[in-house]
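Report on one structure; see the data block that follows.
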């Protein structure tokens, strides 16, 4: 079985088994579509490798493929490319990531039985998990409007709504403190007030103002 025949059978199986999924209904070549996968796929090297195969057969644009490839490289580097993470890095270093080229690389260490037995089944399962979104489309969820409220959160200090009256909103008037006359203050005894009154009267009586004479 040559590589062309394997690629043809692979594409036929993928097209047959992804029917009804979002991968089939949405054009993967549309530049406005942004694809996401479950976070759990990045936890193991085997799932990460199958995810890289999945995005290759989905035909994602280069910028979106590079986003997933960069993330796979960072995770493999975190594990020092140990075990199968080293194979993940080899996949990422391929000069050409076309479906036929990645299959040639896979069959350098695996058989067609390995590919059609378990690997392709997992790859198709991952492709069916993919979800697309268009970041330029308006949000269809409920519109979140800012909440406006009066007063403070301390509801215990506010009067009940049924008890509110116009008086509740009036600003209290400023109290005016009257300054009492000196003689009327309680600090002076009554006899002083009487004598002071007599003295003031005598002063007024002795005052003499000259009369105006006509010239």
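Please treat every number below as a calculation from the coordinates, not as lab data. Worth saying up front: this structure is predicted, and the values here are computed from it rather than measured. Glycine gets a Cβ as well: all are built from the backbone with ideal geometry, and neighbour counts include every protein chain shown.
At a 10 Å Cβ-Cβ cut-off, how would you order 110, 73, fewest neighbours first?
Numbers: 110 13, 73 16.
Ranking 110, 73 by Cβ neighbours within 10 Å, fewest first, gives 110, 73.
For the stretch 3-133, report the translational diffusion coefficient in µm²/s to the nearest whole number, using Stokes-Einstein at 4 °C, 1.567 mPa s, and a Kirkwood Rh over Cα pairs.
Value of D from the Cα-based Kirkwood radius: 86 µm²/s.
For the pair residue 133 and residue 2, how long in nm is the line joining their label points, each one 7 Å along Cα→Cβ?
In this crude label model, residue 133 to residue 2 measures out at 4.5 nm.
Quick one: compute the contact order of the stretch 3-133, relative version, from alpha carbon pairs under 8 angstrom and 6+ residues apart, as a percent. Please list the in-between numbers first.
On the way: 107 pairs, mean separation 58.7, N = 131.
The value is 45 percent.
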